[in-house]
1. Any chance the stretch 150-157 includes a residue that's surrounded by 10 or more Cβ atoms within 10 Å (Cβ to Cβ), polar (S, T, N, Q), at pLDDT below 50 and in contact with a helix residue (DSSP H, G or I) (Cβ under 9 Å, 6 or more places away or on another chain)?
2. Going by the conditions given, is Ala262 crowded, with 20+ Cβ neighbours inside 10 Å, within 28 Å of Ala203 (Cα to Cα) and aliphatic (A, V, I, L, M)?
3. List pairs: first in the stretch 262-277 and in the same structural domain as Gln291 (by TED's automatic domain parsing), second surrounded by 19 or more Cβ atoms within 10 Å (Cβ to Cβ) and β-branched (Val, Ile, Thr), Cβ under 6 Å, 6+ apart or cross-chain?
4. Given the conditions (1) in contact with a helix residue (DSSP H, G or I) (Cβ under 8 Å, 6 or more places away or on another chain); (2) assigned to a helix (DSSP H, G or I), which single one is not true for Lys217?
5. Looking only at residues that are of a type in the set (D, E, K, R) and in a helix (DSSP H, G or I) in the stretch 265-288, which one is nearest to Phe228 (Cα to Cα)?
Amino acid sequence: MFKKFINIFIYIISIFFITFSAGSEELNMREILEIIQKDLRTLERAVYSESFQKKTGAETSLSNKETEDVLTRHLLKLSEIEKQFQNLTNKFEEINFKVDKLSSRLSKTQADNQLRFQDLENNSSLVKKNEINEQNLLTNENSETNLASKKIMPGTSQPQDLGTISYKDMTDTSETQAIKSVETTKTVLTENFINEEKILPDASPLEQYEFATSFLKVGDYNMAERAFREFVDTNPDNDLSGNAQYWYAETFRIRQLYTDAASAYLEGYQKYPKSEKAPINLLKLGVSLVQIGEKDQGCLMIAGVKKQYPNATQSVLQKAKYEEKKFECNKENS
């Protein structure tokens, strides 16, 4: 660029000398200088314009580089955001899958609970029917005995003709009434008590325990009662005997036989105070005592769960606290 400018300047000077030599007579020095100044200004403008274009080109190139850097940064950020979004969608799908599993499990447990409640209701209705039948039998027996007592017993109280009554009959001093129509029986039938057959299989205690719990699962509480009683009698020192005693008591509680349940819980509390079911056994003992009318003793048992078994599970301790509030044991103690 500088060489070009020098060539132009030399060209102008040469023109100046030519014009000066040719037309010195017509033009003066001032006019020639003005012409040279004008040409120099035009040259400066041209040179400035070219340099400006170069500068602007460099600036535009720099600006283009900066814009490319900014675009790459934005693209990287967009890719990171896409990855995060993919991770979030994967986690969301996992959570939905887990929620579906939980809902299916809840539906299964609800169905199982409904079946168990139906079994309990059916068993309770059968128990009530049996109680009603027993009451009806008792009332019938009482009515029959009352009718028998109202009947006239055979003897001298029957009306007779005056001619048939002798003086000996009138002067009878016996205090007991003569019964002529009842014959004495020569033999009396007695019923011998036969122990129930064993129902537990000839296997290990663990298999016998599982066999007994199978009756609970199907809702056959009568057979479960017999099986757990037999297990406790045959295996009194086994580690599972405390649990078996607890489930033996539960068979009575489910059938609303609270007196039998209380005695069974009490036996488990006395024999197996260190078993796995000992805290809940003591709690159920207190509840059963309250239900049969022994509220003071029952409240003492319920309050004793936390004192005797402070390391019991939270569910048992919370249940004891709930039962204590439910039966208003604190008011009685205060």
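1. So far as the stretch 150-157 goes, yes, one or more of its residues are surrounded by 10 or more Cβ atoms within 10 Å (Cβ to Cβ), polar (S, T, N, Q), at pLDDT below 50 and in contact with a helix residue (DSSP H, G or I) (Cβ under 9 Å, 6 or more places away or on another chain).
2. No: the conditions fail for Ala262.
3. Within 6 Å, no pair qualifies.
4. (1)
5. This residue is Glu267.
Rundown of residues vs (1) assigned to a helix (DSSP H, G or I); (2) surrounded by 11 or more Cβ atoms within 10 Å (Cβ to Cβ), yes/no style:
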residue	(1), (2)
Val290	yes, yes
Gly298	yes, yes
Ile302	yes, yes
Lys307	yes, no
Pro310	no, no
Leu317	yes, yes
Ala320	yes, yes
Glu323	yes, yes
Asn330	yes, yes
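Rundown of residues vs (1) closer than 19 Å to Gln291 by Cβ; (2) over 27 Å from the mean Cα position of the chain (by Cα); (3) at pLDDT 95 or above, yes/no style:
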site: Arg226; (1), (2), (3): no, yes, yes
site: Val232; (1), (2), (3): no, yes, yes
site: Asn243; (1), (2), (3): no, no, yes
site: Tyr248; (1), (2), (3): yes, no, yes
site: Phe252; (1), (2), (3): yes, no, yes
site: Ala264; (1), (2), (3): yes, yes, yes
site: Tyr272; (1), (2), (3): no, yes, yes
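The values are calculated or read from the model by the stated rules, or taken from the named source; none is laboratory data. Every value quoted in this text rests on a predicted model; they were computed, and no experiment measured them. Every residue, glycine as well, gets a Cβ built from its backbone with ideal geometry; the counts of neighbours run over all protein chains shown.
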